[in-house]
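Quick notes on the structure that follows.
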Amino acid sequence: MKDAHKVAKVIVSSVGNYSIALGLALKFVNNYNKNVEALRAAKDTVKLFELKRVTDAAYDEFMPESVAGVPAWAIKKDFSRAGAKDILFFTIKSEVIGETEKAVQISFDTKNPKEDIIDHHKTWVAKSILAA
C-alpha cells in the first residue's frame, strides 16, 4: 500500500484526482508485484536484478507524451533526468517567452511535492516538433 501511495503522488498531477490516481497506482503496483513473484518463482536472478524500482517503473509507465505541446523526448533530451522528470510530472505553469521564425522559447514552472520551491526551466523548441 505504501508503494501505491508513492505512485499515486507521482501521477496525481496528470490524472487530476487523487482517488483515481490511487486506483491506477494500486493496479500498477499489483501487476508489478505479480511480475516480481513470477521472476522469483522462476529463479531468474538476472531479470530480478535488472528490474527497476516500483517508483521508477511508474515514471516510465505513466509518462505523458507531451507537456504544453513539447514532446517528452525533446524534454528528456534538453534537460537532466531530474529536471525532465519535474517538467513531465509536476508542471504548474508553462508559457511562451520568445519566438523566432523557426523556434519558440518556452518556460516551465514546476513544483515537486518533495521540495517546497518552484523551479523555473527554459528551453528553445523547434516549431516543427511542437504538437498542434
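The values are calculated or read from the model by the stated rules, or taken from the named source; none is laboratory data. Owing to the predicted nature of the structure, the values given are computational and were not obtained by experimental measurement. In this analysis, Cβ positions are derived from the backbone assuming ideal geometry, glycine residues included, and neighbour counts consider all displayed protein chains.
Brief remarks follow.
- Count of segment 68-113 residues, restricted to those that are of a type in the set (Asp, Glu), more than 17 Å from Leu130 (Cα to Cα) and in contact with a Phe, Trp or Tyr (Cβ under 9 Å, 6 or more places away or on another chain), is 1.
- Count of segment 99-128 residues which are over 18 Å from the mean Cα position of the chain (by Cα) and without any contact (Cβ under 8 Å) to a residue 12 or more places away in the chain: 5
- Close pairs (7 angstrom Cβ cut-off, 6 or more residues apart or separate chains): farther than 16 Å from Ala82 by Cα in segment 49-71, among the small types (Gly, Ala, Ser) and exposed (fewer than 15 other Cβ atoms within 10 Å of the Cβ) anywhere: Ser66/Ala131; Gly69/Ala131; Pro71/Ala131
- All conditions but one from (1) farther than 22 Å from Lys6 by Cβ; (2) outside the structural domain of Val7 (by TED's automatic domain parsing); (3) at pLDDT below 90 apply to Lys43; the one that does not is (2).
- Applying the condition of being part of a helix (DSSP H, G or I) and of a type in the set (A, V, I, L, M) to segment 84-132 and asking which residue is surrounded by the fewest Cβ atoms within 10 Å (Cβ to Cβ) yields Ala84.
- Pairs, first closer than 18 Å to Pro64 by Cβ in segment 3-27, second of a type outside the set (A, V, I, L, M, F, W, C) and assigned to a loop (DSSP other than H, G, I, E, B), C-beta under 8 Å, six or more apart: Lys9/Pro113; Ser14/Pro64
- Among the residues making up segment 66-83, a single one is part of a helix (DSSP H, G or I) and crowded, with 20+ Cβ neighbours inside 10 Å: Ile75.
- Selection count where residues are surrounded by 10 or more Cβ atoms within 10 Å (Cβ to Cβ) and in a helix (DSSP H, G or I), scope segment 38-52: 6
- So Ser19, is it in a helix (DSSP H, G or I), surrounded by fewer than 18 Cβ atoms within 10 Å (Cβ to Cβ) and modelled with pLDDT of 90 or more: yes
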